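Working notes, structure below.
The values are calculated or read from the model by the stated rules, or taken from the named source; none is laboratory data. These numbers come from a predicted model, not from an experiment. All Cβ positions, even for glycine, are placed from backbone atoms using ideal geometry, and neighbour counts span all protein chains on display. Heavy atoms of the whole protein, side chains included, go into the accessibility calculation; ligands, DNA and RNA do not. Shrake-Rupley method; radii C 1.70, N 1.55, O 1.52, S 1.80 Å.
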Amino acid sequence: MGDTITSLPSGLLPDEASPDWLNKGDNTWQLTAAAMVGLQSVPGLVILYGSMVKKKWAVNSAFMALYAFAAVLICWVMWAHQLSFGDKLMGIMGKPNIAVTQKYLLEKQYNKMIPAADYVFYQFAFAAITVILLGGSLLGRMNFYAWMLFVPLWLTFSYTVGAYTIWDKGFLSQHIIDFSGGYVIHLSSGVAGFTAAYWVGPRHPSDREHFPPNNIIHMMAGAGFLWMGWSGFNGGSPLAANEITALAVLNTHICTATSLLVWMFFDLIFHAKSSVIGAVQGMMTGLVCITPAAGVVDTWAAMLMGVLAGSVPWYTMMVLHKKSAFFQRVDDTLGVFHTHAVAGLLGGLSSGMFAKPNLIRMFYNTENSESQQGPGLLYSIVNANEEVHAMDGLKQMGYQILGAVFVAAWNVVATSVICIFVSRIVDLKMHEDDLDIGDDAIHGEEAYALWGDGQRHPPLRSLTPKFPAFFRRV
């Protein structure tokens, strides 16, 4: 052993900052993947939200994303990471504790060759993007002060439950196939966003009737950050730079490209024009659908999932949504329910269908751990033998359905309780006058107000700041 260590290049020798359990390659990739996920939110979703909405809501929409990113980070290290991945408190939640001490952050992350600090940052980026995605349902009318309260509450009482239950030590963690967050991130954000949109109420009637993006080029730039950043989103889940990582990254892009093209195909057939907004939606549904299966399915299955991702959410958004009185009643600004809840559910069920036995074994280490994730239904039928039975695949599909029901139900209940609680402190929705004006009324800023560049001079405004009701004196 001594000869082996001394024969390594000096840069790979262990030292005080690089203990012998640390794999520098894995550590480098994990930090890179986490940074890529962070870039999906800031600047990715900041740009996407700021450009995909009507001009008068550009600042507010982008700022909601930026605020959430910062707020989630502080909450995450102070208590939410340990709620999600800490010592067991109950079957759905860990014990709250801080994740800022050197003793905790610099220790080995379970059986992986990276420090816990990598995992804390990576999972923070997941939590942040989940809250921001949820916010896409609420753009154009939610009171910013209500959003400030909603973010830490939803992170604490909703997101952490899904993360602990499916990814850590919860009652479903040894059974559910969710490679990188199809249920924990996308199904939860889609259902919670739709639920919150119900409680907040609709946009101004004129906005709901006519809500064009203010900058389609910027919208595509934000979408580009999302697409490329998903290499880290799915590629970081193995917590190592290995074969599963490489497969996950390739499958991610194949599914996404397929979904985008299928969505465009449907737009061309039924609307005679290919829509840029539609292409972005198809891109999103492909990214979401492959997320729970990225590293545990073959590439042909990823392509088939892309076909499903570009067609099923297209139907629910473009046809079912317009015909259903239920969907019409709730104003989901960016259609997050369709692009994330529907696509996330589709990906979760597809995982239960197409998960390949050897890939499941490698990712979940089922031979040397308590994990019991089974083969996909397709392989349990095709490869049935003395060790694998069709019932194994049916059982796995049952767990995938159970996980979806639990995540959806928890988010409906938790989000409703949070919205009702916040509404007792401050109005969930902006006042009608502010809804009519937009950014200038809320933040005193406009996205494209260039002083002296042909813009009208703003009216004289009072310098007295506006405070929410709970800050005012009675």
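If you go through the stretch 176-215 and keep only what is farther than 19 Å from Gly135 by Cα, over 21 Å from the mean Cα position of the chain (by Cα) and either modelled with pLDDT of 95 or more or part of a loop (DSSP other than H, G, I, E, B) (or both), you end up with His210, Asn215. For the stretch 124-157, a residue qualifies if it is open to solvent by 10 Å² or more (accessible area, probe 1.4 Å) and within 11 Å of the chain's Cα centre (by Cα), but none of them does.
Residue pairs whose Cβ atoms lie under 6 Å apart, separated by 6 or more positions or on different chains, with the first residue in the stretch 420-443 and farther than 19 Å from Val53 by Cβ and the second surrounded by 13 or more Cβ atoms within 10 Å (Cβ to Cβ), are Val422/Ala146; Val422/Leu149; Val422/Phe150; Val426/Tyr145; Val426/Ala146; Val426/Pro468; Asp427/Asn143. When Met36 is tested against (1) open to solvent by less than 10 Å² (accessible area, probe 1.4 Å); (2) modelled with pLDDT of 95 or more, just one condition goes unmet, and that condition is (1).
Of all residues in the stretch 396-441, those being under 27 Å from the mean Cα position of the chain (by Cα) and part of a helix (DSSP H, G or I) number 29. With respect to (1) open to solvent by less than 10 Å² (accessible area, probe 1.4 Å); (2) at pLDDT 95 or above, the lone exception for Ala62 is condition (1). Just one of the listed residues (Leu287, Leu304, Leu261) is open to solvent by 10 Å² or more (accessible area, probe 1.4 Å), within 16 Å of Leu345 (Cα to Cα), touching a residue at least 24 places away in the same chain (Cβ under 8 Å) and not acidic (Asp, Glu), and it is Leu304. Residues in the stretch 372-386 that are crowded, with 16+ Cβ neighbours inside 10 Å and in a loop (DSSP other than H, G, I, E, B): how many? Looking only at that region, the number is 4. Answer with yes or no whether Ile166 is over 20 Å from Leu48 (Cα atoms) and either open to solvent by less than 10 Å² (accessible area, probe 1.4 Å) or without any contact (Cβ under 8 Å) to a residue 40 or more places away in the chain (or both). So Ile166 fits the description; yes. Kindly check whether there is at least one residue in the stretch 90-101 that is loosely packed, with under 14 Cβ neighbours inside 10 Å, more than 21 Å from the chain's Cα centre (by Cα), in a strand (DSSP E or B) and without any contact (Cβ under 8 Å) to a residue 24 or more places away in the chain. Yes - at least one qualifying residue is present in the stretch 90-101.
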